[in-house]
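Undergrad: Take this structure, written in structure tokens, and hold onto it; I'll ask about it next.
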Amino acid sequence: MLEARKLVQSCISQGEQSSGFKEFSGLASGLVQLPDKGYRLYIECLFDEIAREVQVLFDRRDPASLLWPRRQALTELLAILNTAELTAVWGEDETIGWVYQYFNSDEERKQMRSESQAPRNSRELAVRNQFFTPRYVVEFLTDNTLGRIWYEMQQGNTGLVESCDYLVRRPSEVFLSAGEAAPVEAEAEEDLSQEELLKKTVYIPFRAKKDPRDLKILDPACGSGHFLLYTFDLLLTIYQEAWADVTAPASEFTGRSLRQDYGTVEELRAATPGLILRHNLHGIDIDPRAAQIASLALWMRAQRAYNDLEIDRKQRLPIRKTNVVVAEPMPGNEAIVSEFAKTLEPAVLGDLFRQIVQEMELAGEAGSLLKIEESIAGAVTEARQQYQQWQQKLSQGYLS
């Protein structure tokens, strides 16, 4: 997939005959003495290079990276990856997600279900319910959330009308101005036919414009990031249109509009992929590997955008972080939690910390459904009051 995006030299597609490996071997002639002529060392060096931006799946300190297939197994694997039937899939952003969907076998799922009706831990929950949403569903839901919001902000004047195939619109929409109310309808809708309803004027309430950097998109069960990848596509158009809009508002983040922050369209294009990953896209999942894959998929999507926008590699700002997180319990056993809590002053903060740790125990199973802010709201209020009282006594010299 990295080769297809020209992010690395040929390294996998031709195996030991790849141009990248030949160049690597030419720099260190002694490699020919190794059983594999240094091919593993070459791939590991690529890991180190890629890990500067995408460490999650290319960190050689990870236990999984220490495993290496036997030479025969590696040769067979490369032959499978390089079959002609698979050539087209490596350039698709969702490919790695579809691969991961079948990483856990049906046999394993059947065994889990036969041994227990309900998932017994967070991994079983993730594996047993692993299902990646079909593309048309992704497009329909995204077109009618983010797409519809931007459509209303722009009062219909957006290129998303052409690119969002599933955007629901009515032929007789009328966009209201700020403070304008829709006229009162005298005719009852239940007396109208379906054809008459479709022709009926629909008044769209005024929706104030926003700077694209202030649009927040969250997928609370993101898997390998299929929704986020398609959302990325829409945001590329949204950023371009916002920059071209002379009436675009300032961002809450910078206090300036896009055009003020980026003087030319070339500057905007060079920044857009990074801006989307930094400000707009957020994801949560209970499966650590799925979250890692989502991060990698978004990074690769950003690199493809750079290629499409003809941004030279030297002009691309490094993307070292995505807003994809794993929902998991807080680390540390009971003894460590208790020891740390004792160091907090006043003591009420230690009590609050213990409660937070306790409430987080189900984070690996509940994910974003865990409303910890609600369960600890009372404790936070009480802790804040006691902390303020403690600070007041400290400032008056009653405590030392």
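The values are calculated or read from the model by the stated rules, or taken from the named source; none is laboratory data. From a predicted model like this one, the values you see are computed outputs, not experimental measurements. Cβ sites come from the backbone with ideal geometry, for glycine too, and all protein chains shown count toward neighbours. Please note that ligands, DNA and RNA were not included when accessible areas were found on the heavy atoms of the full protein model with its side chains. Shrake-Rupley method; radii C 1.70, N 1.55, O 1.52, S 1.80 Å.
Undergrad: Identify, please: which residue in segment 104-116 is modelled with pLDDT under 75 and in a loop (DSSP other than H, G, I, E, B) and is, among those, surrounded by the fewest Cβ atoms within 10 Å (Cβ to Cβ)?
TA: In this case the residue turns out to be 105.
Undergrad: Consider only pairs whose beta carbons are under 9 Å apart and that are at least six residues apart or on different chains; among these, list those whose first residue lies in segment 82-100 and is exposed (fewer than 13 other Cβ atoms within 10 Å of the Cβ) and whose second residue is aliphatic (A, V, I, L, M) and in a helix (DSSP H, G or I).
TA: Cβ pairs passing all conditions: 86/80.
Undergrad: On to the next question. Quick one: which residue in 6, 22 is closer than 21 Å to residue 307 by Cα and open to solvent by 90 Å² or more (accessible area, probe 1.4 Å)?
TA: None of the other options fit; the residue is 6.
Undergrad: Is segment 15-31 home to any residue that is in contact (Cβ under 8 Å) with a residue 12 or more places away in the chain and within 31 Å of the chain's Cα centre (by Cα)?
TA: yes
Condition check ((1) over 23 Å from residue 294 (Cα atoms); (2) among the hydrophobic types (A, V, I, L, M, F, W, C); (3) in contact with a helix residue (DSSP H, G or I) (Cβ under 8 Å, 6 or more places away or on another chain)) across all residues:
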residue: 58; (1), (2), (3): no, yes, yes
residue: 61; (1), (2), (3): no, no, no
residue: 83; (1), (2), (3): yes, no, no
residue: 92; (1), (2), (3): no, no, no
residue: 95; (1), (2), (3): no, no, yes
residue: 117; (1), (2), (3): yes, no, no
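Undergrad: Every residue in segment 260-283 that is part of a helix (DSSP H, G or I) and more than 23 Å from residue 312 (Cβ to Cβ), please.
TA: 260, 279, 280 - these are the residues of segment 260-283 that are part of a helix (DSSP H, G or I) and more than 23 Å from residue 312 (Cβ to Cβ).
Undergrad: Mind listing whichever residues of segment 239-254 are out of contact with any Gly (no Cβ under 9 Å at 6 or more places or on another chain), part of a helix (DSSP H, G or I) and either farther than 20 Å from residue 161 by Cβ or open to solvent by less than 50 Å² (accessible area, probe 1.4 Å) (or both)?
TA: Across segment 239-254, the qualifying residues are 239, 242, 243.
Undergrad: So which residues in segment 285-329 are surrounded by fewer than 20 Cβ atoms within 10 Å (Cβ to Cβ) and among the β-branched types (Val, Ile, Thr), if there are any at all?
TA: Listed by number, the residues that qualify are 311, 319, 325, 326.
Undergrad: Hey, any hits in segment 33-40 for a residue that's more than 28 Å from the chain's Cα centre (by Cα), buried (at least 16 other Cβ atoms within 10 Å of the Cβ) and not acidic (Asp, Glu)?
TA: yes
Undergrad: How many residues are within 22 Å of the chain's Cα centre (by Cα) and of a type in the set (A, V, I, L, M) when one looks only at segment 245-292?
TA: Selection size over segment 245-292: 11.
Undergrad: For segment 193-223, enumerate the residues that are part of a helix (DSSP H, G or I), buried (at least 17 other Cβ atoms within 10 Å of the Cβ) and of a type outside the set (Lys, Arg).
TA: 212
Undergrad: Is there a residue in segment 294-315 that is among the β-branched types (Val, Ile, Thr), in contact with a helix residue (DSSP H, G or I) (Cβ under 7 Å, 6 or more places away or on another chain) and not in a helix (DSSP H, G or I)?
TA: yes
Undergrad: Can you work out which of the residues in segment 319-334 that are modelled with pLDDT under 85 and among the hydrophobic types (A, V, I, L, M, F, W, C) is farthest from residue 280 (Cα to Cα)?
TA: Only one residue fits best here, namely 330.
Undergrad: Return yes when residue 43 is aliphatic (A, V, I, L, M), closer than 30 Å to residue 228 by Cα, touching a helix residue (DSSP H, G or I) at 6+ places or on another chain (Cβ under 9 Å) and modelled with pLDDT of 90 or more and no when it is not.
TA: Yes: the conditions hold for residue 43.
Undergrad: Tell me yes or no: at least one residue of segment 69-85 is touching a Lys or Arg at 6+ places or on another chain (Cβ under 7 Å) and not in a helix (DSSP H, G or I).
TA: No, there is no match, as no residue in segment 69-85 is touching a Lys or Arg at 6+ places or on another chain (Cβ under 7 Å) and not in a helix (DSSP H, G or I).
Undergrad: Taking residue 88 as the residue in question, decide whether it is at pLDDT below 85 and part of a helix (DSSP H, G or I).
TA: Against the criterion (at pLDDT below 85 and part of a helix (DSSP H, G or I)), residue 88 does not qualify.
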